[in-house]
Amino acid sequence: MRRPWISRWFRLEGIPGQRTVCGVQLPSGLVQCGKLPVPIFTPATKEEHGHDENISYAQTVARIGAGVATVIREKTLRLYSKAAAHAGARGVIIADTKFEFGQLAMARSFSSMKC
């Protein structure tokens, strides 16, 4: 049975001061299953084969441009924050989400959410 959170946590244990995910420095003292002080944007590529690859925000900008990357990051954090608040008021913790963004021919962004 595959447990992706295990490999992610091993990467996060790392050397103190060098714990990052998608280029974001994590706070010291973070424990497994601990809540981050603020939501973070963790982009990933959509791979045809194998697993998606986590990338930094800078890599995202290099791939799709600063304007689109900024919009996607802002929408992602806003969607997550609203969903987390809604769920939290009902006693549910949303620990991780995956929002997938694409672009239509008319250049209007759209998204779908997977939890």
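Numbers for the structure displayed
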quantity: Count of residues meeting criterion [in contact with a helix residue (DSSP H, G or I) (Cβ under 6 Å, 6 or more places away or on another chain) and either within 22 Å of Val71 (Cα to Cα) or among the aromatic types (Phe, Trp, Tyr) (or both)] in the range 29-55; calculated: 3
quantity: Leu79 being of a type outside the set (Asp, Glu), outside any strand (DSSP E or B), surrounded by 12 or more Cβ atoms within 10 Å (Cβ to Cβ) and at pLDDT below 85; calculated: no
quantity: Any pair with Cβ under 7 angstrom, 6 or more apart, that starts in the range 62-85 at a residue that is closer than 14 Å to Gly102 by Cα and ends at one that is of a type in the set (Val, Ile, Thr); calculated: Ala69/Thr60; Ala69/Val61
quantity: Residue count, the range 37-76 (criterion: aromatic (Phe, Trp, Tyr) and in a helix (DSSP H, G or I)); calculated: 1
quantity: Residues satisfying the stated conditions in the range 57-76, i.e. within 22 Å of Thr20 (Cα to Cα), β-branched (Val, Ile, Thr) and loosely packed, with under 15 Cβ neighbours inside 10 Å; calculated: Thr70
quantity: Of all residues making up the range 44-61, the number that are under 13 Å from Phe101 (Cα atoms) and either at pLDDT 90 or above or among the hydrophobic types (A, V, I, L, M, F, W, C) (or both); calculated: 2
quantity: Test: Val24 is modelled with pLDDT of 80 or more and over 20 Å from Gly102 (Cβ atoms); calculated: yes
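The values are calculated or read from the model by the stated rules, or taken from the named source; none is laboratory data. Just so it is clear, the structure is predicted and the values come from calculations on it, not from any experiment. With ideal geometry, Cβ positions are generated from the backbone for all residues, glycine too; neighbour counts draw on all protein chains shown.
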